[in-house]
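**Q** Take this structure, written in structure tokens, and hold onto it; I'll ask about it next.
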Amino acid sequence: MNRRILLSITLLLVGVGAFAFLRSGFAISNSVDGGVAQLTGQKPGKTMRAFRSDQELKEYLKAIAAKQRGRNEGSGTGFANSAGVAQPLGMTDSMAAPVSKAEKDGESITNTQVAGVDEGGIVKLHGDHLVILRRGRLFTVRVGDNSLSPVDAINAYAPGVDPRNDWYDEMLVSDDTVVVIGYSYGRGGTEVNLFDIHGSGDLAYRSTYHLRSNDYYSSRNYASRLIGNKLIFYTPQYLGYGGGDEQFPAVRRWHKGATDKEFQKIVPPTRVYRAEREAGSGNGMALHTVTVCDLANGGFACQGTGIVGPAGRIFYVSAHSVYVWTTDWTYGEGAARESSMLYKMPLDGSAPSAVGVAGSPVDQFSFFETEKDDLNVLVRSAGTGEQMWDSEVAAGDIALLRLSADKFSDGSESAHNNDYLDLPKPEGYTFQNRFVGDYLLYGTGSGWGRPEQKDSANLMAVNWTSGDINNLYLQHGVDRIEQMGSDAVVIGTNGRDLYFSPVQLGKTPSVKTSYARKNASQGELRSHGFFYKPDGKDSGLLGLPIAREGRAGYKHLIEGSAAILFLKNDGLSFDEMGELGATETSTNDNCKASCVDWYGNARPLFIRNRVFALLGYEIVEGRVSNNGIAESRRINYSPNKRTVARYTWGKFE
């Protein structure tokens with residue numbers, strides 16, 4: 001379904017307080033239908049089996065399709081296929097690639113989940129320039145040599161393309177290459193646009209590739225990752241009844257008059273794997289593909305690894321592997337039954353492995369891979385994956401799955417009951433979770449809905465190494481959990497005010513004194529909206545976009561943030577440094593593509609001891625002193641370069 005239609009439905013549903021369609025919870029169990037593998041009787045191998053030929057793969061898919069047709073007969077269910085995308089490679093070198101230049105220089109400006117694994121975002125740093133992706137265009141702004149000045153702007157898509165049915169969501173920078181990742185409903189599939197960026201900040205279009213896939217969009221996760229020069233995608237491709245080649249990931253280089261015949265497969269049959277356990281098909285089947293593209297020396301050589309499994313999915317990228325959790329839902333006898341499988345796909349191109357599991361994670365933050373490659377995952381019994389807004393409606397019982405690396409094999413075996421630690425279930429449905437150090441933190445808040453009045457809400461802190469469970473009390477809901485050095489900060493509303501609660505994560509976790517910003521709410525829901533810049537072991541500066549009091553979370557899609565709020569952390573004690581505010585301007589920018597800020601438009605930026613607030617088309621620089629932070633200058637980098645006057649506000653009146 002086109003996102004424009006989904007946006008209309010979302011604004012209607014959330015605006016009237018819907019989410020009543022939540023799936024009712026049920027206990028995580030180790031029945032066959034609840035997640036335990038159907039064993040084959042043979043000794044499990046260490047990895048999954050690949051198909052030996054095109055014919056073997058086609059016969060397997062035809063058998064799955066026939067089974068699916070039988071289940072769906074008369075129900076009208078099934079999955080439409082999208083046409084798609086890119087070009088082949090032979091990449092077997094290790095993914096232990098160097099981190100980006102920005103990270104080596106300590107200048108990463110993206111609030112990433114895993115150190116060294118960059119995530120597609122709306123703003124990156126290249127040398128002396130900010131690179132910004134907004135509303136279908138790329139912009140550069142010079143910040144080197146104490147400057148703050150717009151340099152260049154260019155469409156984020158290929159010349160000659162009609163972009164009206166496209167969404168350009170994420171951007172990454174690798175050496176002197178800017179990568180824009182989007183989804184095209186017009187041409188069908190993931191779209192990758194490459195641009196050259198020069199030391200002067202000038203941009204030049206290079207090329208466009210289409211990757212055949214279904215829509216990757218998630219309200220919380222990001223479609224792309226970058227490790228060194230390796231661009232990593234996870235893409236689902238829902239399989240129809242035919243099992244034809246048009247369903248398989250492929251890539252083509254775009255040009256005027258490009259045809260479907262130009263697509264080249266990036267996943268040969270010998271790179272498609274299946275688990276030994278029979279795959280379910282009650283909710284449809286999908287080919288889950290991890291594609292790695294080498295951007296070194298201006299290239300775009302790609303190779304994919306595919307897994308045939310149930311359609312429900314959620315993925316997590318560590319420094320060494322991509323984990324894909326799939327869930328198959330079937331309905332019968334008045335109850336829902338689910339069967340899940342967790343796949344581990346190494347980034348060095350070696351064969352994937354799998355293990356049968358139960359339940360489903362909420363989002364990518366439900367995962368944490370340890371230094372020993374063991375895996376911890378928070379799961380809920382009624383999770384539905386992360387496609388579109390599925391992460392926003394998590395429900396059911398809760399458990400912590402603790403898996404040692406040797407549990408992964410050919411998919412014939414399942415995690416044991418003892419691998420699950422039952423956890424308390426908080427009230428509420430908008431669920432947030434995050435691993436910080438030795439702890440898993442989780443709780444519920446308002447999310448995309450209207451800020452709720454909560455005098456107290458439970459924050460659970462689970463030590464995943466010992467299994468100890470701590471129930472911590474807050475004066476507000478849990479809408480955001482972020483790492484802050486070795487500790488954490490939990491952000492949420494009590495209906496009128498926005499609270500920042502520092503959480504000390506020592507031997508016994510505890511909540512310290514909260515800071516409350518009166519008459520405010522979160523301006524951004526994406527994880528990238530927050531940033532913490534340490535300046536010592538127990539001190540630093542944090543920034544977060546804020547909006548007016550009582551603003552529903554979904555309105556970040558159609559309204560800009562009012563300001564970036566900055567707080568000083570000194571030994572888990574917060575003091576307000578001040579705010580850098582937006583001006584009251586319209587967005588009359590002649591937008592032709594991506595005219596909704598799905599991934600937000602406001603970010604706190606900390607660059608070389610300077611502090612900035614990105615607020616729509618404005619960048620405001622702040623001057624930090626012992627008395628706080630105050631505006632020193634601002635620019636408007638919009639296409640029409642309008643001059644705007646600043647207005648004064650304090651309480652969003």
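**Q** Would you mind calculating the gained length between N627 and E576 on full extension (0.36 nm times residue separation, minus the Cα-Cα distance), in nm to one decimal?
**A** 17.4 nm
**Q** Of G144, P163, V117, which is farthest along the charge dipole of region 101-171 in the positive direction, counting Lys and Arg as +1 and Asp and Glu as -1 at C-beta?
**A** Result: P163.
**Q** How large is the charge dipole for region 398-545, taken about the Cα centre, if only the Cβ atoms of Lys, Arg (+1) and Asp, Glu (-1) carry charge, to the nearest 20 debye?
**A** With only Lys, Arg, Asp and Glu charged at Cβ, the dipole is about 600 debye.
**Q** Right, another one. At 0.36 nm per residue, and after removing the present C-alpha to C-alpha distance, how many nm does the segment from D538 to N165 gain when stretched out fully? Display every interim value, and only then the final one.
**A** Numbers: separation 373, 0.36 × 373 = 134.28 nm, distance 4.75 nm.
Extra length from D538 to N165 when fully extended: 129.5 nm.
**Q** Largest first and to the nearest Å, give the Cα extent of region 119-158 along each principal axis.
**A** Principal extents (largest minus smallest coordinate, Cα): 31, 22, 14 Å.
**Q** Provide H476, H255, H198, H126 in ascending order of the number of other Cβ atoms located within 10 Å of each residue's Cβ, fewest first.
**A** H255, H198, H126, H476
**Q** Could I ask something else about it? Can you work out the FRET efficiency for the pair D175 and S200, with r the C-beta to C-beta distance and R0 = 22 Å, to the nearest 0.05?
**A** 0.90
**Q** Using 0.36 nm times the number of residues separating K372 and Q504, minus their current alpha carbon distance, what extension gain do you get?
**A** 45.0 nm
**Q** Given the pairs K58/K265; K344/K407; K62/K261; K265/K344, which are separated by over 19 angstrom at their Cα positions?
**A** Details: K58/K265 15 Å; K344/K407 11 Å; K62/K261 23 Å; K265/K344 22 Å.
Pairs exceeding 19 Å: K62/K261; K265/K344.
**Q** At R0 = 45 Å, how high is the FRET efficiency between S147 and D422 if r is their beta carbon distance? Nearest 0.05 is fine.
**A** That gives a FRET efficiency of 0.20.
**Q** Further, regarding this structure: Rank the residues C595, C293, C302 as a footprinting-exposure proxy: fewest other Cβ atoms within 10 Å of their Cβ go first. List each step's numbers first, then the result.
**A** Details: C595 13, C293 29, C302 25.
If I rank by nearby Cβ atoms, fewest first, I get C595, C302, C293.
Every read-out reported here was derived from the displayed coordinates using simple, explicitly stated rules and does not represent laboratory data. In this text, all values refer to a predicted model and were calculated from it rather than measured experimentally. Here the Cβ is made from the backbone with ideal geometry for all residues, glycine too, and neighbour counts use every protein chain on show.
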